[in-house]
Amino acid sequence: MEPIEFSKPPKSSKAERYLGEVIKGSHLAGDGPFCKAAEKFLLDHFGGRATFLTPSCTAALEMANVVAGFKPGDEVVVPSFTFSSTANACVLLGLTPVFVDVDPVFLNVDPDQVDRACGPKTRAVIPIHYAGVACDMDRLADLAKARGIDIIEDAAQCVGAKFKNKYLGTLGRFGCFSFHETKNLGCGEGGALMVRDEGDLERAQIARDKGTNRKKFLRGMVDKYTWVDSGSSYLMPELSAALLLSQLEEHERINDQRRSIWEFYRQGVEKSPTIAKVAAPQSMPSYAETNAHIYFLLLPSGDLRDRLLAYLREQKVMATSHYQPLHSSFAGQKFGRTVGDLRNSEMASRQILRLPLYSDMTESHAARVLEVVEAGIRKLS
């Protein structure tokens, strides 16, 4: 029986043509015509003040912290249930990640826990919109305003997802996206930084161009460019940008196909007494519109999750788990600190089971996944 992969990179009709144009042309480095076209597309369709393509979401997070002007010793509040990049982008600048818990349903950062974690050194909160489902951005915005801190959205999983009809990644001071091959839109490795405030644009351009004023030189504003501030090489190469643009131009189709499978899963779980007795169908807060990045089940115990995961793989259904909580990791304990009881993060890590989901997945594939999940639960319960 053919395996059902957990994830497959999306395909687009223009990819080969765009990549061929780059290879035949003379511009392979960053900031070429495809890079500029992809940045313009993101800006025109999703909002913000400016968008900068980067080599990864990790680079976008680093760049956001640089542009924000945070200093060593400053603190940034992050959920423990996230990828290491969310915290690593802080640690590299000498910032302290302060780990807090997530809610037990959507696995998004708990605003009450963020508030508890804020102190005199706190400069920002970095919410991750888990699975492409929005955090409560109204509560976080009120909290950030009251505390005088920034919001940097880790929107790695969120292109096309919304909070109250506004695109995620455009609601904080910065938004950071991922275009890794496992995401809804992917160019192998890639990311983007979305900037909302006019006052951050020049600093963002300098940070992106290795700390130089190269952009002013290209615009004829200075007769030569030089090193003017700290920065790094945060440019996406042109081949990656061409592949990304081909997918951006088909983003609605790609996300709609994923939403169709997400909804098929939700209805299937709801209609299955076998699955529903151990895991509730995934729900959605009233303020959120998902891009269907992940469909997950939260099982009642880690033991059942692990045995069911092994059973699924025996049946060639490549489901998987997800993050190990950062607060309990070696690096998390070395570089960060923890506030509160992070029981939900630990629960999610032990009990989450993510089902296969990709844009060209068929309902027959999804039906087989659910059949194998049902059979596994009956066998193992």
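Tabulated values for the structure
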read-out: Extension gain (nm, one decimal) between Ser230 and Ser364, 0.36 nm per residue minus Cα-Cα; value: 43.0 nm
read-out: Simple Cβ-charge dipole of the chain, Lys/Arg +1 and Asp/Glu -1, about Cα centre, in debye nearest 20; value: 260
read-out: Kirkwood estimate for the chain, i.e. one over the average of 1/r between Cα atoms, Å; value: 21.5
read-out: Helix-only [θ]222 nm of the chain, DSSP H runs n ≥ 4, -39500 (n - 2.57) each, per residue, nearest 500; value: -12500 deg cm²/dmol
read-out: Out-of-range pairs (alpha-carbon distance over 32 Å; input Lys11/Lys379; Lys14/Lys215; Lys164/Lys210; Lys14/Lys166; Lys11/Lys40); value: Lys11/Lys379; Lys164/Lys210
read-out: Relative contact order computed over segment 15-248 (Cα-Cα under 8 Å; 6+ residues apart), in percent; value: 27
read-out: Residue-wise HN-Hα coupling along segment 6-21, computed from phi with Karplus coefficients 6.51, -1.76, 1.60 (Hz; x: Gly, Pro); value: 5, 8, 9, x, x, 10, 9, 6, 9, 4, 5, 5, 5, 5, x, 5
read-out: Spatially proximal aspartates and glutamates relative to Lys145 (Cα-Cα < 13 Å; intrachain offsets below 8 disregarded); value: Asp115
read-out: Relative contact order, percent, segment 255-381 [alpha-carbon distance under 8 Å, six or more residues apart]; value: 38
read-out: From phi via Karplus (6.51, -1.76, 1.60), per-residue ³J(HN,Hα) for segment 47-59 in Hz, x at Gly/Pro; value: x, x, 8, 7, 10, 10, 5, 10, x, 6, 5, 4, 5
read-out: Shape box of segment 221-274 [Cα atoms, principal axes, largest first, Å]; value: 70, 25, 19
read-out: Semi-axis lengths (Å, descending) of the ellipsoid that matches the C-alpha gyration tensor of segment 191-307; value: 47, 17, 14
read-out: Cβ-based exposure ranking for Met137, Met63, in which fewest neighbours within 10 Å come first; value: Met137, Met63
read-out: Rg followed by Dmax, in Å, when segment 282-371 is reduced to its Cα trace; value: 15.7, 47
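Here, each number is a calculation from the coordinates, and none is a lab measurement. These numbers come from a predicted model, not from an experiment. As a convention, Cβ positions derive from the backbone with ideal geometry for all residues, glycine included, and neighbour counts pool all protein chains shown.
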